[in-house]
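Structure record follows, encoded as structure tokens.
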Amino acid sequence: MTSPEQSELSPSSVWPWVVMAVAGLVTFVAAMSVSPDAVQGQLSRIMYVHVPAAWLAYLAFGITMFGSAMYLWKKSLKWDRLAHSSAEIGVFFTGLAIALGMTWAKPTWGVWWTWDARLTLTAIMFFVYLGYLALRRTTDNLEVRAKRASILGVVAIIQVPLVHFSVVWWRSLHQAPTIIRPEGPDMDTSMVVTLLIAVASFTVMYVAMMIKRMELAHLEDEITIEEQSHQGPAAGDAVVAPDLAGGV
Amino acid sequence: MTGFWTQAFTITRRDLLRERRSGEVLWVTLPFGAIALLLVPLAIGTDTRTLEAIGLGMFWVIVMLFGVLIAVRQTNTETQAQRDQVALAGIDPAAAYVGRSLASFLLLVVFETVLVFVTIVLYDIPLVGFEWMPLVILLVAAGLSLLGTLAAGIVSTGRSAAALVPLLVAPLSVPLLIGATQTFESLRYGRSSLAWILMMTIVTLLLGVAGVLSARTLQETG
Amino acid sequence: MCNTLRLVSGTSPIVDLESVSVRVGATHILRDINLSINGGDAIGIFGGNGAGKTTLLRLIATLIMPASGTATVFGVDVATDERYDIRTRIGYVGHTPGLFPEMTLSENLGFVAHAMGIDPEEADRSLAAVGLAGAANRRAEVCSHGMQRRAEFARVLMTKPDLLLLDEPHSALDADAVELVDALVARTLDAGGAAVLVSHDKERVLRVATEFAEIAGGTLS
């Protein structure tokens with residue numbers, strides 16, 4: 001925890017950074033200390049980052065929908081900031097999950113990309129939320145931006161389950177879910193524990209990142225609102241009488 | 001005050017009249033789609049069996065990508081003054097959404113119908129299950145027009161609006177694309193395609209509801 | 001309902017702005033505007049480029065929302081969905097014509113007539129009244145700026161608004177059309193309505209205005 005003097009110097013506290021570092025370290029140590037998979041060898045360690053990253057992507061986009069819906073209901077910009085921050089983090093982890101999946105797939109399956117349902121869905125989600133972030137760049141008006149983005153945030157998530165089902169029906173080559181099965185996990189207990197530790201650490205990391213990102217978003221909004229306050233310029237102030245004596 | 005449907009049909013008539021005069025869809029986008037269907041064999045080779053296999057899939061891809069252009073054709077040309085005039089004619093934004101979608105729907109039906117014949121001619125695709133084609137064409141046209149009109153409303157007047165709409169629409173049109181292609185894939189293997197038809201219907205209904213509910217909020221944002 | 005009653009009894013103004021501010025992005029367009037317009041008023045508002053004239057007019061036309069303060073038109077708070085019920089009573093002519101270029105002048109007016117439930121024949125009658133009978137079947141895109149503006153006045157003639165909002169009404173008009181603006185304003189006032197004319201051309205507006213105000217830096221004085 002920071003002392004009062006420190007928090008006066010910097011508006012945000014330092015502990016989210018510490019949490020992120022600790023969570024990363026825990027994942028790293030856990031992933032490196034578990035014995036490698038009998039068949040896949042060292043490569044299996046990618047799973048301890050790939051799976052949590054994919055989980056965070058889904059979690060983050062779910063939170064984006066929640067924030068968007070809450071904004072449309074309450075019209076408070078803090079919900080828009082929640083949706084925006086989560087979408088940004090979600091896009092990052094989606095990208096990470098895809099990149100790691102490809103790194104794993106090339107030596108394992110012999111190809112970078114394969115058209116299985118989950119991969120395709122993840123790629124589509126990546127582009128949907130890239131579009132969401134692009135939409136946010138089209139206007140500086142906070143309320144207008146929040147409204148448009150929130151509607152897209154809700155519409156996108158209505159579509160995602162449909163995309164999910166359509167893609168799953170379309171083709172399911174991906175290995176079936178390996179942990180949540182009635183007959184118990186089909187993995188060594190130490191690997192399951194490691195994976196759960198990694199997922200938990202990443203979730204904590206997400207919360208810490210969200211706190212920092214929302215602080216940043218709040219500051220961004222403050223700056224814009226400050227500019228729009230009564231001290232801000234009026235449109236006509238930029239127009240003065242022409243001065244043709246100046247040697248034109 | 002006039003009723004909701006009177007207002008919606010007024011918008012539809014205006015859009016169709018403007019299209020009849022400008023010919024943007026039927027004389028520009030449609031030939032462009034046909035050219036795209038012509039380009040594919042030139043690029044991948046003219047092996048008859050390959051073309052037979054990919055023909056229908058190519059048709060749907062081109063419908064999705066070019067169909068977006070039809071649904072959002074006015075986004076980049078409409079002026080503030082025109083929007084003001086529509087608003088002050090007392091037209092409910094939800095009626096405007098429905099009216100616009102309806103006009104785009106009709107244009108998309110023509111677009112798809114012409115291109116499906118072009119595909120049959122150029123790719124010699126097997127006509128298995130084609131008794132379902134009219135229904136699938138209608139569903140895809142409905143879903144795509146509702147989605148495109150909604151996306152155009154969301155992007156509206158912002159910077160780089162015209163470029164952004166296809167990025168928003170393309171990934172969200174995946175259920176329609178898969179639904180359309182798999183309907184015929186299922187039929188070809190003698191299975192029922194009802195699940196796909198149902199899925200496309202649900203997508204269309206959800207988009208319609210989302211578009212109507214968000215219309216007023218979107219107009220408010222200018 | 002009670003709003004309408006008050007309006008009829010003449011105690012409620014047609015337009016009532018109470019410390020209204022409007023901003024776009026980081027820029028204030030209007031600041032702390034107070035304005036009350038009653039039936040029979042024709043207000044001239046003057047100001048230089050970027051003073052906020054057009055924004056004020058679009059605010060009154062319920063086309064933009066105030067960032068703070070309350071704007072009431074025909075007794076309806078423009079920030080509420082009730083604004084959809086009063087829009088057809090407002091006649092707004094912007095400084096750029098909003099006609100659809102592929103449609104003829106007659107079709108453009110017919111579009112508004114259909115939407116508002118007016119007899120479409122009124123469209124041609126109104127075009128004739130502004131001297132455009134011969135151009136009724138000409139596409140808007142081949143009409144001059146001045147003709148398009150006349151067509152917009154014809155639209156307002158057709159819709160018979162209770163509140164007439166004119167943005168730079170005299171620009172791109174010949175002498176005949178200038179008379180037309182005066183006549184439109186006079187007709188609206190006679191019917192108990194009100195008019196707001198925004199311009200940088202004081203002289204012409206003052207021929208019809210009953211009151212006037214200056215706008216500078218987004219503030220009325």
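Checking the stated criteria, residue C:146 turns out not to satisfy the condition of being assigned to a loop (DSSP other than H, G, I, E, B), more than 13 Å from every other protein chain (Cβ to nearest Cβ) and either surrounded by fewer than 20 Cβ atoms within 10 Å (Cβ to Cβ) or not polar (S, T, N, Q) (or both).
Restricted to the range B:4-17, and to residues there that are among the hydroxyl-bearing types (Ser, Thr, Tyr) and within 8 Å of chain C (Cβ to nearest Cβ), the residue that is surrounded by the fewest Cβ atoms within 10 Å (Cβ to Cβ) is B:6.
Any residue at all in the range B:60-83 that's charged (D, E, K, R), within 10 Å of chain C (Cβ to nearest Cβ), farther than 22 Å from residue C:158 by Cβ and touching a residue at least 60 places away in the same chain (Cβ under 8 Å)? For the range B:60-83, residues charged (D, E, K, R), within 10 Å of chain C (Cβ to nearest Cβ), farther than 22 Å from residue C:158 by Cβ and touching a residue at least 60 places away in the same chain (Cβ under 8 Å): absent.
Screening the range C:158-221 for strands (runs of 3 or more DSSP E) wholly inside it with 2 or more residues that are farther than 22 Å from residue B:90 by Cβ and in contact with a helix residue (DSSP H, G or I) (Cβ under 7 Å, 6 or more places away or on another chain) returns the ranges C:194-199, C:211-216. Checked against (1) crowded, with 22+ Cβ neighbours inside 10 Å; (2) touching a residue at least 24 places away in the same chain (Cβ under 8 Å); (3) facing chain A (nearest Cβ under 10 Å); (4) more than 25 Å from residue B:79 (Cα to Cα), residue B:174 passes all but a single condition, namely (2).
Residues in the range C:32-71 that are part of a strand (DSSP E or B), modelled with pLDDT of 90 or more and out of contact with any helix residue (DSSP H, G or I) (no Cβ under 9 Å at 6 or more places or on another chain): 5 in all. When only residues in the range C:84-101 that are of a type in the set (Ser, Thr, Tyr) and either in a helix (DSSP H, G or I) or under 17 Å from residue B:93 (Cα atoms) (or both) count, which is nearest to the other protein chains (Cβ to nearest Cβ)? Applying the filter and picking the extreme gives C:88.
State yes or no: is residue B:167 open to solvent by 40 Å² or more (accessible area, probe 1.4 Å), of a type in the set (A, V, I, L, M), within 30 Å of residue A:72 (Cα to Cα) and within 14 Å of chain A (Cβ to nearest Cβ)? The answer is yes for residue B:167.
Entry remark, the range A:137-147: residues being at the interface with another protein chain (Cβ under 7 Å from one of its Cβ atoms) and either touching a residue at least 40 places away in the same chain (Cβ under 8 Å) or not β-branched (Val, Ile, Thr) (or both) number 3 in total. The single condition among (1) without any contact (Cβ under 8 Å) to a residue 60 or more places away in the chain; (2) open to solvent by less than 50 Å² (accessible area, probe 1.4 Å); (3) more than 14 Å from the chain's Cα centre (by Cα) that residue C:208 does not satisfy is (1). Taking the listed residues A:163, A:128, A:155, the one that is at the interface with another protein chain (Cβ under 7 Å from one of its Cβ atoms), modelled with pLDDT under 70, buried (at least 21 other Cβ atoms within 10 Å of the Cβ) and within 19 Å of residue B:176 (Cα to Cα) is A:163, with no other qualifying. Does at least one position in the range A:187-201 carry a residue that is modelled with pLDDT under 85, open to solvent by 80 Å² or more (accessible area, probe 1.4 Å), acidic (Asp, Glu) and not in a helix (DSSP H, G or I)? Checked the range A:187-201: at least one residue is modelled with pLDDT under 85, open to solvent by 80 Å² or more (accessible area, probe 1.4 Å), acidic (Asp, Glu) and not in a helix (DSSP H, G or I). With respect to the conditions (1) part of a helix (DSSP H, G or I); (2) under 30 Å from residue C:12 (Cβ atoms); (3) aromatic (Phe, Trp, Tyr), residue C:111 lacks only one, and its number is (2).
Residue check: residue B:58 meets all listed conditions (1) of a type in the set (A, V, I, L, M, F, W, C); (2) open to solvent by less than 40 Å² (accessible area, probe 1.4 Å); (3) within 30 Å of residue B:128 (Cβ to Cβ) but one, namely (2).
For residue B:119, the test of being open to solvent by 50 Å² or more (accessible area, probe 1.4 Å), in a helix (DSSP H, G or I), closer than 20 Å to residue B:34 by Cβ and away from every other protein chain (no Cβ under 12 Å) is failed. Residue-level analysis places residue B:90 among those that are crowded, with 18+ Cβ neighbours inside 10 Å and in contact with a Ser or Thr (Cβ under 7 Å, 6 or more places away or on another chain). Within the range C:102-142, if we keep just the residues that are open to solvent by less than 40 Å² (accessible area, probe 1.4 Å), within 12 Å of chain B (Cβ to nearest Cβ) and not hydrophobic (A, V, I, L, M, F, W, C), the residue that is nearest to residue B:18 (Cα to Cα) turns out to be C:102.
Here's the yes/no breakdown for (1) at pLDDT 85 or above; (2) away from chain B (no Cβ under 14 Å); (3) open to solvent by less than 10 Å² (accessible area, probe 1.4 Å); (4) under 28 Å from residue B:213 (Cβ atoms):
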{"position": "A:100", "(1), (2), (3), (4)": "yes, yes, no, no"}
{"position": "A:109", "(1), (2), (3), (4)": "no, yes, no, no"}
{"position": "A:134", "(1), (2), (3), (4)": "yes, no, no, yes"}
{"position": "A:149", "(1), (2), (3), (4)": "yes, no, yes, yes"}
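Rundown of residues vs (1) closer than 18 Å to residue C:109 by Cα; (2) open to solvent by less than 30 Å² (accessible area, probe 1.4 Å), yes/no style:
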| position | (1), (2) |
| --- | --- |
| B:52 | no, no |
| B:62 | no, yes |
| B:69 | no, no |
| B:82 | yes, yes |
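Across the range B:78-116, the number of residues qualifying as at pLDDT 90 or above and either closer than 20 Å to residue B:142 by Cα or among the hydroxyl-bearing types (Ser, Thr, Tyr) (or both) comes to 24. Per the conditions (1) open to solvent by 60 Å² or more (accessible area, probe 1.4 Å); (2) under 20 Å from residue B:176 (Cα atoms), the sole criterion not satisfied by residue B:20 is (2).
The values are calculated or read from the model by the stated rules, or taken from the named source; none is laboratory data. Note that this is a predicted model, so its numbers are computed, not measured. Positions of Cβ are backbone-derived with ideal geometry, glycine not excepted, and every protein chain shown enters the neighbour counts. We work out accessible area using only protein heavy atoms, side chains counted, and drop any ligands, DNA or RNA first. Shrake-Rupley method; radii C 1.70, N 1.55, O 1.52, S 1.80 Å.
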